[in-house]
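Heads up: the structure comes next, in structure tokens.
FYI, it's all coordinate maths here, none of it is from the lab. Values in this document were obtained by computation on a predicted structure and should not be read as measured data. All Cβ positions, even for glycine, are placed from backbone atoms using ideal geometry, and neighbour counts span all protein chains on display.
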Amino acid sequence: MSRRNEIEPQGATKYCRRFGQLAMQLGYIDADHLAAALRRQREDAAAGRPHRLVGAILFQEGTMSTEQIEETLRAVFRDVPR
């Protein structure tokens, strides 16, 4: 795995929660989808599997499209202080 794909789990949790909240605000997912994705993250961690971002989980499960993920990421980065 390359270094650029490695994310500190604590930072990823904060980022993923924000991603999930924005995806819900944009109407792409509901609270149940987000809860399921976060549960899968915890299950992966408990099983010693590599960390997956919420967006990746939602895409892999067919809940969000690449376009929806891209729009959500644009919203995430619009709000990041420079």
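Structural remarks
- Couplings 3J(HN,Hα) of the stretch 44-54, computed from phi: 4, 4, 5, 8, x, 7, x, 5, 10, 6, 4 Hz, in residue order, whole Hz [Karplus 6.51 cos²θ - 1.76 cosθ + 1.60, θ = phi - 60°; x for Gly and Pro].
- When the convex hull of its Cα atoms is projected in every direction, mean area for the stretch 18-82 (nm²): 4.6
- Only one residue of GLY20, ALA56, ALA45 has its Cα farthest out toward the positive end of the dipole of the stretch 13-77, where Lys and Arg carry +1 and Asp and Glu -1 on Cβ, and that residue is ALA45.
- Sorted on the mean count of surrounding Cβ atoms within 10 Å across their residues, most packed first, peptides 60-72, 37-49 read 60-72, 37-49.
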